[in-house]
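Visitor: Just dropping this structure here.
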Amino acid sequence: MPKVIKKRPAKTKPVQVNEVRSAALKALDKIKERQKLVIIGGSAAIVILILFILFSWYSSSMSRRASSLEKEAYRYYYGETSDEAMSDEDRWKKALELYTQSLEIKVTPLALFYAANSYYNLKEFDNAIKEYSRFTERYSRETGILPLVYQNLASAYFKTDQNDKALDTLGKLAKVNNGIFKDTALMLEARYYEGAGEKEKALEKYREIMAEFPLSPWSAEVTAKILPEEAKKADPSPENLPDKRNAEKEEEVSRESGNVDISGEEEKGPSPR
């Protein structure tokens, strides 16, 4: 019988102890590195969370402080404090001081508006213009207060002989809220032209109010301005010219219609929320 040849098993290379140890150490290093990254990331997240909480608390605290200053300033502005002996000038100075402190912490529309009004009442018109302009740039969508700001800004421009800027501001007032304040803008323009001796331009504005806004709160004053001129044109004889009584009536109607400087002082404005 043929002799069976037995195959010898292939020799396997023994794994060296050093190689096993090296691989284990590398794996361990990777695990440690990942653990380190996780710890660092977790620590960073915790720090960020703590900072956010502290910032939120600080912001809330400062907001409350600003609100408190604003409310106190409002009371001084309108004389609603226990110190009734304070003069108007002293009240406005104190209100301005408090509004300024409030604005340094947090700028709000009301604080900015009343700070500007305080400057105006104190006849610091340049500073008033600065603050009113700041309001129009920053809060152009605050249409509840914006018309008052435009009126006062225009008045401050007139006070400082910046008439072109004042008229431009009244043009902006006329466009607020789809033109619902256009009659007021036209009225203020007419008063300016009349005071400047430009009678025809003033009459043109008065007629525009009468034509476009027959139910305007300015109608009585406008009528008192226009009718005497129409009477003159219809019959210029001396006996048909407006007599003293008509002139006195015109003055009375003008006064009742609120023909006063606009300073934010005459009527009580919005209160701080």
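Derivation of every value follows stated rules applied to the coordinates shown; laboratory data play no part. The shown structure was predicted, so the numbers you read here are calculated from the model rather than taken from an experiment. Cβ: placed from backbone, ideal geometry, glycine included. Neighbour counts: every protein chain shown.
Visitor: Give LYS172/LYS205; LYS93/LYS175; LYS93/LYS225; LYS175/LYS233 a once-over and call out the pairs whose C-alpha atoms are over 28 Å from each other.
Guide: Distance filter (> 28 Å) returns LYS93/LYS175; LYS93/LYS225; LYS175/LYS233.
Visitor: How far apart, in nm, are the 7 Å Cα→Cβ label points at ASN163 and GLU89?
Guide: Distance between label points: 3.0 nm.
Visitor: Show me 130-139, 146-155, 197-206 ranked by packing, highest mean number of other Cβ atoms within 10 Å first.
Guide: The densest-packed peptide leads the list: 146-155, 130-139, 197-206.
Visitor: Rounded to whole Hz and in sequence order, give me ³J(HN,Hα) for segment 111-124 from the Karplus expression 6.51 cos²θ - 1.76 cosθ + 1.60, θ = phi - 60°, writing x for Gly and Pro.
Guide: 4, 5, 4, 6, 4, 5, 4, 5, 4, 4, 4, 7, 6, 8
Visitor: Cut-off is 10 Å between beta-carbons; in what order do LYS71, LYS30 appear when sorted fewest neighbours first?
Guide: Placing the least packed residue first, the sequence is LYS30, LYS71.
Visitor: Can you work out ³J(HN,Hα) from phi for every residue in segment 204-211, in order, using Karplus 6.51 cos²θ - 1.76 cosθ + 1.60 and θ = phi - 60°, giving whole Hz and x for Gly and Pro?
Guide: So the Karplus estimates, Gly and Pro as x, are 4, 5, 4, 5, 5, 5, 4, 6 Hz.
Visitor: Right, another one. Apply the Karplus curve 6.51 cos²θ - 1.76 cosθ + 1.60, θ = phi - 60°, to the phi angles in segment 162-170 and return the couplings in whole Hz, x for Gly and Pro.
Guide: Working through the residues one at a time gives 9, 5, 5, 5, 5, 5, 5, 5, 5 Hz.
Visitor: While we're here: Hey, what's the Cα Rg ratio for segment 78-193 versus the globular rule of thumb, 2.2 N^0.38 Å?
Guide: 1.11
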